[in-house]
1. Quote the FRET efficiency, to the nearest 0.05, computed for Glu88 versus Thr68 with a Förster distance R0 of 22 Å and r equal to the Cβ-Cβ distance.
2. How much area per residue is accessible in the chain when the probe is 1.4 Å and only protein heavy atoms are counted (Å²)?
3. State the extension gain, in nm to one decimal, for the chain segment bounded by Ser56 and Ala101, taking 0.36 nm per residue of separation less the distance between their alpha-carbons.
4. Does anything in region 1-18 have its amide N under 16 Å from the 7 Å Cα→Cβ label point of Ser27, and if so which residues?
Amino acid sequence: QVQLVESGGGLVQPGGSLRLSCAASRSIFSMYAMGWYRQAPGKQRELVATITTGGSTNYADSVKGRFTISRDNAKNTVYLQMNSLKPEDTAVYYCNAKMGAVTKWGQGTQVTVSS
């Protein structure tokens, strides 16, 4: 099974940028659809962006035009480039991998947008 480890979170000012990375432990990474979700305090976990094995992407309306998801199958890694960050983007961001009925989650990385 795939194990996922996120990195790249931190504190950033409004309008700033961060790039999150999610490294997978297995070389079969290319067979998984990947995604980023986030959960703010007191709120439910929500979809941020997904990317299929073929590279098709989907974004939440709240991040369209600001965030970009990408994957590097040679490095078993999926990325989330976040630009023009807003305070409402503050949350724990989770990496997700899906293949058929199998779903895996990473441990999450905190993103805080504040001046």
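The values are calculated or read from the model by the stated rules, or taken from the named source; none is laboratory data. For clarity, every value in this text was computed on a predicted model and none was experimentally measured. Neighbour counts are summed over all protein chains in view; Cβ atoms, including those assigned to glycine, are modelled from backbone coordinates with ideal geometry. In case anyone asks, the SASA skips ligands and DNA or RNA and just uses the protein heavy atoms, side chains included. Shrake-Rupley method; radii C 1.70, N 1.55, O 1.52, S 1.80 Å.
1. Here the calculated transfer efficiency is 0.75.
2. The answer is 51 Å² per residue.
3. Extra length from Ser56 to Ala101 when fully extended: 14.2 nm.
4. 1-3
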